[in-house]
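I have placed the structure first, in the form of structure tokens, so that the comments after it can refer back to it.
Readers should treat all values here as calculations from the given coordinates under stated rules, not as data from a laboratory. Quantities reported herein were computed from a predicted structural model and do not represent experimental measurements. Backbone-built Cβ (ideal geometry, glycine too); neighbour counts: all protein chains shown.
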Amino acid sequence: MKINIKKQLLGLLAVPALVLTISSAPVFAADDLSLQKGVNSSQSPEQPTELFGDGGIFETISTVLLFIIGAVSVIMLIIGGIRYTISQGDSSAVTSAKNTILYSIIGLVVAILAYAAVKFVVGSFAANQ
């Protein structure tokens, strides 16, 4: 039984060793530009090449997320206002509607502060490049 386990472990270790020896083989190219062209061939012209800075990937992602969070917060603010209007004096419904309005405003403020923090951090990374 121990011999079977040893053979299986050896077989499992042989595959990564084979992959590592093949992948570490030297690649001979005419020049570095041909390699760079191959790397950039899959990138569309509209895609940003920078991670940080104006038009970078992180700025685009944070802008889209802020838009989504802002839209959800405004929708919840409208829903809270409608619930407050149709509560007809029921104290539990009024309290629930006020909480919805309060939490949507808090969510909007937190989203804006998070966006400011992300802009600060991304801006400091962009300045260091």
Potential extension, Ile78-Val121 segment - 0.36 nm per residue separation minus Cα distance: 12.2 nm
Give me the mean projected area, in nm² to one decimal, of the convex hull enclosing the Cα positions of region 50-129. 5.1
Label-point separation, Val94 to Leu113 (7 Å along Cα→Cβ), nm: 3.0
In nm, to one decimal, how far is the modelled label at Ile68 from the one at Ile86, with both set 7 Å along Cα→Cβ? 2.8
